[in-house]
Amino acid sequence: MGGGLLALINLRREKIALMGQILQFLFSGLTNGAVYAVIALGFTIIYNATDVINFAQGEFVMLGAMVMYTFVHFLSWPIPVAFFATIICVSVIGILVEFFTIRPAKNADIISLIIITIGVSIFLRGVAMMIWGKDPVAIPPFTGSTPIVFMGAAIDPQIIWVLVITLIAMIFTQWFFKYTIWGKAMRACAVNKKAAKLVGIKVERLVSLSFALSAGISAAAGAVIAPITFASYDMGTMLGLKGFCAAVLGGLGSGVGSILGGFILGILEAFGAGYISSSYKDAFAFLILLIVLFLKPQGLLGQGEVDKL
Amino acid sequence: MNIHFGSIRYQYIGLLFFVIFLFLIGFFIKNDYYLNVFVLIGIQAIAVLGLSLLMGYAGQVSLGHAAFYGLGAYASGILTIHYGLNPYLAMFCGMAISALMALIVGLPALRLKGHYLAMATLGFGIIINICFKEMASLTGGPSGLVGIPMLKFLNFTFDTSISYFCLVWSIFIILMVLSLHLVNSPFGRAFRALGSHEAAAQAMGVNTHIAKLIVFIISAVYASLAGSLYAHFVTFISPASFGFICSIKMVTMVAIGGMGTLWGALLGTSILVSLPEFLTVFSDYDVLVYGLILIIVMIFMPEGIVQASIKIFRNFKYKETNG
Amino acid sequence: MAEVLLSVDNISKNFGGLIAVDNISFNIRVGQIKAIIGPNGSGKTTLFNLISGHYQPSSGSIYFYGFNITKWPAWKSASVGISRTFQNLALFTNMSVIENVLMGVHLHTKAGFLSSIFRLPAFFKREKEAREIAIEKLSLLGISDIAEKKCGDLPFGLQRLVEMARALAAEPRLLLLDEPASGLDIHDRNRLCEIIRQIRDEGVTILMVEHDMNITMSLAEEVIVLDSGKKICEGTPKEIQRDPEVIRIYLGEG
């Protein structure tokens with residue numbers, strides 16, 4: 001009897017431990033997923049406005065983290081002020097990037113545009129290295145670092161911040177595109193640029209706006225994830241590529257799709273790293289990308305295209 | 001009939017001048033450091049030549065070509081160090097492995113259009129690079145593989161810069177001639193046709209899937225060969241040399257030099273490989289200037305330096321005759 | 001009555017919810033010039049793309065010399081003798097005129113990979129033969145003098161002729177011409193009519209889409225009228241001109 005009870009208790013303990021582990025993976029997946037989702041959304045916004053795949057997207061995330069660090073560490077601004085100031089700063093950088101690189105290259109073909117954004121990415125990384133140096137820097141968490149214990153899983157409070165802020169960013173973008181005149185104009189632009197021009201939409205301004213918006217939400221993601229991951233001049237590359245995977249996974253051009261893609265990618269990656277192999281963690285995202293491309297190239301929610309002859 | 005083959009005759013003349021130029025370099029530059037830069041240009045140029053066939057002629061973008069470059073290098077390294085294989089045989093195995101990988105990835109990926117192909121190759125490139133890092137028992141992991149033997153021919157070892165310089169550039173010249181022949185043949189025309197207008201190429205009976213696959217495999221084999229040459233030259237390889245950045249650099253070399261011209265591949269490679277040497281005055285900030293140069297060239301010469309120079313030259317001539 | 005070359009049987013194509021081609025059937029006989037007319041968006045070009053294999057039909061079948069070619073990709077259809085031109089010129093602009101035409105010739109010349117890259121004698125022999133055929137096709141259209149010019153630099157009318165020469169070089173049995181006269185001036189249009197008749201006289205069957213009624217009615221032996229993806233009627237130009245439904249569509253459209 002006694003032995004049986006002990007076994008039962010042990011089983012229960014194991015079960016709780018297992019639950020805790022699963023939750024831990026789930027939360028880490030959700031956290032990364034939320035960040036990927038926001039970056040993917042940033043990709044999508046620029047892609048829809050300009051047809052450009054912006055390889056400098058990850059650099060906006062990095063700038064968000066670094067600018068945040070500057071405001072908090074050197075200027076000792078309170079976190080909410082620093083956070084919003086960061087978003088505004090990086091949005092302005094986004095506008096400048098568009099104005100100085102994408103706009104002058106109006107007639108360039110797609111490969112040239114991709115290379116230009118790669119150039120921007122290298123340039124921004126170089127600037128960041130010049131300003132902030134090569135060593136990773138730490139940013140204090142928004143509200144303390146005592147973990148919250150939830151069903152056997154220890155959760156960093158910053159994770160809650162990541163989820164809340166990325167969720168707000170997603171809702172904000174969806175609201176922006178659905179209910180504001182600018183957002184509607186941008187959607188019109190994405191469908192047919194010529195027609196949008198004909199009905200009097202100022203496409204150039206919209207492109208600026210899309211870069212601002214895209215850079216802004218990416219910066220928010222960077223600023224909020226930095227207390228967990230540390231910030232460094234080269235953090236953007238991998239994040240940018242993962243966000244890109246998420247955008248493709250969801251269907252390039254689809255906002256809801258990229259959010260979905262981000263979360264799916266984050267969670268699959270977390271469980272893959274936890275249960276299969278942590279050293280191949282980064283490979284999972286790209287493996288998923290390949291599988292999706294080969295099975296359903298238009299992504300989960302993207303629309304197939306018809307060749308025009 | 002002479003006129004018909006005229007275009008390639010100009011290419012031969014260009015090639016002749018280039019060989020003379022190489023002789024001068026080999027003869028007058030005694031400094032091993034600079035000679036090594038030229039060796040590295042030659043190695044990279046072989047890989048970029050293949051990518052130029054793929055991008056500039058067949059119009060397909062690969063953002064993962066460093067994977068094939070790396071496969072060649074690691075095949076040479078692993079097979080010679082761990083299995084004691086003859087370096088030339090290892091090199092050949094590397095090319096075969098790369099061709100096989102290109103076939104496996106290309107079969108589904110080349111059905112994808114535009115952006116999607118670029119994405120698939122990007123994913124492939126990163127996965128391969130992670131494998132280089134993580135399969136430590138074979139590859140030595142992140143710290144790399146040391147002690148790759150130098151190439152030997154009979155009793156002669158290619159251990160000096162000048163000997164490797166001659167080897168690499170001879171291989172380059174041979175491949176350049178073959179590539180020039182290829183693009184000016186029915187096969188090359190089919191590749192160019194599909195790069196220019198895929199539907200029209202199909203209407204001319206070109207099986208575009210197969211054609212893309214063939215160029216993709218050819219370009220993978222070139223990259224693999226270049227990777228093997230690199231491994232035997234520096235005798236040490238690590239995953240960092242074959243990452244995403246390396247793929248991007250290769251694409252950039254093609255685009256900067258100019259798409260649709262093999263000379264552009266050579267020029268683009270020469271510029272981008274030697275650029276960091278000129279930028280050492282900027283010490284740590286060389287990447288910043290590198291990025292800036294990329295942006296500026298692509299904005300002002302989106303068709304690449306070769307085409308842009310031809311245009312400027314033509315305009316100049318036009319003014320001369322009319323002014 | 002001559003043998004049936006191409007038979008289109010109850011063919012349909014929809015893109016998402018839009019039905020572009022709706023249950024169309026017709027036959028083309030060897031040596032015929034047949035025209036398809038209809039208002040914009042009536043599905044003419046889609047029908048063309050289905051026949052050439054650039055689109056796969058949603059339902060129905062296509063037979064060429066009695067063979068079912070419904071599922072064939074475009075390159076395969078091209079290799080058995082279905083050649084085409086495109087509505088919005090589709091020349092290979094990165095090549096010279098003769099290289100474009102050579103693309104058509106290559107459909108029938110087998111080239112060895114090794115002999116090509118090593119430039120063996122066989123390569124030169126084949127290349128020479130191919131060029132002779134290409135020049136012959138260009139001369140047929142009276143444009144052999146521009147053989148070495150770059151395609152992108154040519155005026156529109158000439159580009160149309162080059163595209164036709166390219167299609168002819170493939171030695172087609174069925175030639176699909178998608179709006180061959182659009183963008184041409186009156187002089188070029190008359191020349192085009194002569195050329196098309198000449199091609200037919202050499203034994204090539206022609207199916208064309210054309211907006212210019214003068215050209216259509218003077219060239220075509222039979223006309224098919226499409227409207228909103230459906231076949232309205234089929235007959236000789238005279239019959240068509242008398243058909244009340246056709247009159248309604250065309251007058252109704254203005």
Just give me the residues in the stretch B:190-203 being in contact (Cβ under 8 Å) with a residue 12 or more places away in the chain and in contact with a Phe, Trp or Tyr (Cβ under 9 Å, 6 or more places away or on another chain), in sequence order.
B:Phe191, B:Arg192, B:Ala193, B:Leu194, B:Gly195, B:Ser196
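Is it the case that some residue within the stretch B:217-235 is within 21 Å of C:Asn94 (Cα to Cα) and either at pLDDT 90 or above or basic (Lys, Arg) (or both)?
There is at least one residue in the stretch B:217-235 that is within 21 Å of C:Asn94 (Cα to Cα) and either at pLDDT 90 or above or basic (Lys, Arg) (or both).
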Those residues of the stretch C:138-154 which are open to solvent by 20 Å² or more (accessible area, probe 1.4 Å) and either touching a Pro at 6+ places or on another chain (Cβ under 6 Å) or in a helix (DSSP H, G or I) (or both), in sequence order:
C:Ser139, C:Leu140, C:Ser144, C:Asp145, C:Gly152, C:Asp153
Name the residues in the stretch C:62-97 that are facing chain B (nearest Cβ under 8 Å) and either open to solvent by less than 10 Å² (accessible area, probe 1.4 Å) or in a loop (DSSP other than H, G, I, E, B) (or both), would you?
C:Pro73, C:Ala74, C:Ala78, C:Ser83, C:Arg84, C:Phe86, C:Ala90, C:Leu91, C:Phe92, C:Thr93, C:Asn94, C:Met95
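In this structure, does A:Ile217 turn out to be in contact with a Ser or Thr (Cβ under 9 Å, 6 or more places away or on another chain), in contact (Cβ under 8 Å) with a residue 40 or more places away in the chain, β-branched (Val, Ile, Thr) and within 22 Å of A:Ile95 (Cβ to Cβ)?
Working: in contact with a Ser or Thr (Cβ under 9 Å, 6 or more places away or on another chain): yes; in contact (Cβ under 8 Å) with a residue 40 or more places away in the chain: yes; β-branched (Val, Ile, Thr): yes; within 22 Å of A:Ile95 (Cβ to Cβ): yes.
Taking the combined requirement at face value, the residue satisfies it.
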Find all pairs meeting these conditions: Cβ atoms under 7 angstrom apart; at least six residues apart or on different chains; first residue within the stretch C:14-36 and free of Cβ contacts under 8 Å to residues at least 60 places away in the same chain and part of a strand (DSSP E or B); second residue open to solvent by less than 50 Å² (accessible area, probe 1.4 Å) and among the polar types (S, T, N, Q).
C:Asn27/C:Ser7
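So, A:Gln174, is that one among the polar types (S, T, N, Q), more than 20 Å from A:Asn32 (Cβ to Cβ) and either away from every other protein chain (no Cβ under 14 Å) or assigned to a loop (DSSP other than H, G, I, E, B) (or both) or not?
Values: among the polar types (S, T, N, Q): yes; more than 20 Å from A:Asn32 (Cβ to Cβ): yes; either away from every other protein chain (no Cβ under 14 Å) or assigned to a loop (DSSP other than H, G, I, E, B) (or both): yes.
Spelling it out, A:Gln174 is indeed among the polar types (S, T, N, Q), more than 20 Å from A:Asn32 (Cβ to Cβ) and either away from every other protein chain (no Cβ under 14 Å) or assigned to a loop (DSSP other than H, G, I, E, B) (or both).
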If you go through the stretch B:250-263, how many residues are more than 9 Å from chain A (Cβ to nearest Cβ) and not small (Gly, Ala, Ser)?
5
Residues of the stretch B:167-216 classified as in contact with a Gly (Cβ under 7 Å, 6 or more places away or on another chain) and β-branched (Val, Ile, Thr), total:
1
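Does at least one position in the stretch A:208-228 carry a residue that is at the interface with chain B (Cβ under 10 Å from one of its Cβ atoms) and assigned to a helix (DSSP H, G or I)? Show your work before the answer.
The first filter runs over the stretch A:208-228 and keeps only residues at the interface with chain B (Cβ under 10 Å from one of its Cβ atoms), leaving none.
Checked the stretch A:208-228: no residue is at the interface with chain B (Cβ under 10 Å from one of its Cβ atoms) and assigned to a helix (DSSP H, G or I).
Residues that are more than 14 Å from every other protein chain (Cβ to nearest Cβ) and under 17 Å from the mean Cα position of the chain (by Cα), at least 1 per element: which helices (runs of 4 or more DSSP H) completely within the stretch A:55-161 meet that?
Numbers: elements: A:57-69, A:79-97, A:110-132.
Ranges flagged: A:57-69, A:79-97.
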Of residues in the stretch C:111-137 being under 15 Å from C:Glu171 (Cα atoms) and in contact (Cβ under 8 Å) with a residue 12 or more places away in the chain, the one surrounded by the fewest Cβ atoms within 10 Å (Cβ to Cβ):
C:Glu129
For a quick check of your reading of the model, give me the residue pairs whose first member lies in the stretch B:279-295 and is within 8 Å of another protein chain (Cβ to nearest Cβ) and in contact (Cβ under 8 Å) with a residue 40 or more places away in the chain, whose second is in a helix (DSSP H, G or I) and open to solvent by less than 80 Å² (accessible area, probe 1.4 Å), with beta-carbon atoms closer than 7 Å and at least 6 apart or on different chains.
B:Leu294/A:Ile115; B:Leu294/A:Ile118; B:Leu294/A:Gly119; B:Leu294/A:Ile122; B:Leu294/B:Thr252
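Count, please, the residues in the stretch C:28-53 that happen to be of a type outside the set (Ser, Thr, Tyr) and out of contact with any Lys or Arg (no Cβ under 9 Å at 6 or more places or on another chain).
7
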Restrict the check to the stretch A:2-21 and report whether at least one residue is touching a helix residue (DSSP H, G or I) at 6+ places or on another chain (Cβ under 6 Å), free of Cβ contacts under 8 Å to residues at least 40 places away in the same chain and either open to solvent by 10 Å² or more (accessible area, probe 1.4 Å) or assigned to a helix (DSSP H, G or I) (or both).
no
Among the residues of the stretch B:203-240 satisfying the criterion of being assigned to a helix (DSSP H, G or I), within 14 Å of chain C (Cβ to nearest Cβ) and touching a Lys or Arg at 6+ places or on another chain (Cβ under 8 Å), which is surrounded by the most Cβ atoms within 10 Å (Cβ to Cβ)?
B:Ala203
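State which residue is farthest from C:Lys125 (Cα to Cα) when the search covers only the stretch B:171-202 and only residues that are charged (D, E, K, R) and within 7 Å of another protein chain (Cβ to nearest Cβ). Walk me through how you get there before you give the answer.
Our first condition is that a residue be charged (D, E, K, R); within the stretch B:171-202, this holds for B:189, B:192, B:198.
Going one step further and asking which of them are within 7 Å of another protein chain (Cβ to nearest Cβ), we end up with B:189, B:192.
Working: B:Arg189: 17, B:Arg192: 22 Å.
Selected residue: B:Arg192.
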Is it true that B:Thr269 is within 11 Å of another protein chain (Cβ to nearest Cβ) and either more than 30 Å from C:Lys110 (Cα to Cα) or surrounded by fewer than 24 Cβ atoms within 10 Å (Cβ to Cβ) (or both)?
no
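Please work out if B:Leu292 is over 24 Å from B:Gly14 (Cα atoms) and open to solvent by less than 40 Å² (accessible area, probe 1.4 Å). It would help to see each step written out before you state the result.
Numbers: over 24 Å from B:Gly14 (Cα atoms): yes; open to solvent by less than 40 Å² (accessible area, probe 1.4 Å): no.
Criteria not met by B:Leu292.
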Looking only at the stretch A:285-299, and only at residues there that are at the interface with chain B (Cβ under 9 Å from one of its Cβ atoms) and assigned to a loop (DSSP other than H, G, I, E, B), the one that is farthest from B:Phe124 (Cα to Cα)
A:Gln298
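Would you confirm, using the coordinates I've provided, whether B:Gly243 is facing chain C (nearest Cβ under 9 Å), surrounded by fewer than 24 Cβ atoms within 10 Å (Cβ to Cβ) and in contact (Cβ under 8 Å) with a residue 40 or more places away in the chain? Steps first, please.
Numbers: facing chain C (nearest Cβ under 9 Å): no; surrounded by fewer than 24 Cβ atoms within 10 Å (Cβ to Cβ): yes; in contact (Cβ under 8 Å) with a residue 40 or more places away in the chain: yes.
Considered against the rule, which asks whether it is facing chain C (nearest Cβ under 9 Å), surrounded by fewer than 24 Cβ atoms within 10 Å (Cβ to Cβ) and in contact (Cβ under 8 Å) with a residue 40 or more places away in the chain, B:Gly243 comes out as no.
The values are calculated or read from the model by the stated rules, or taken from the named source; none is laboratory data. Predicted, not measured: the structure shown is a model, and the values here were computed from it. For neighbour counting, all protein chains shown are included, and Cβ atoms are generated from backbone atoms with ideal geometry for every residue, glycine included. The area values use the complete protein model at the heavy-atom level, side chains included, leaving out ligands, DNA and RNA. Shrake-Rupley method; radii C 1.70, N 1.55, O 1.52, S 1.80 Å.
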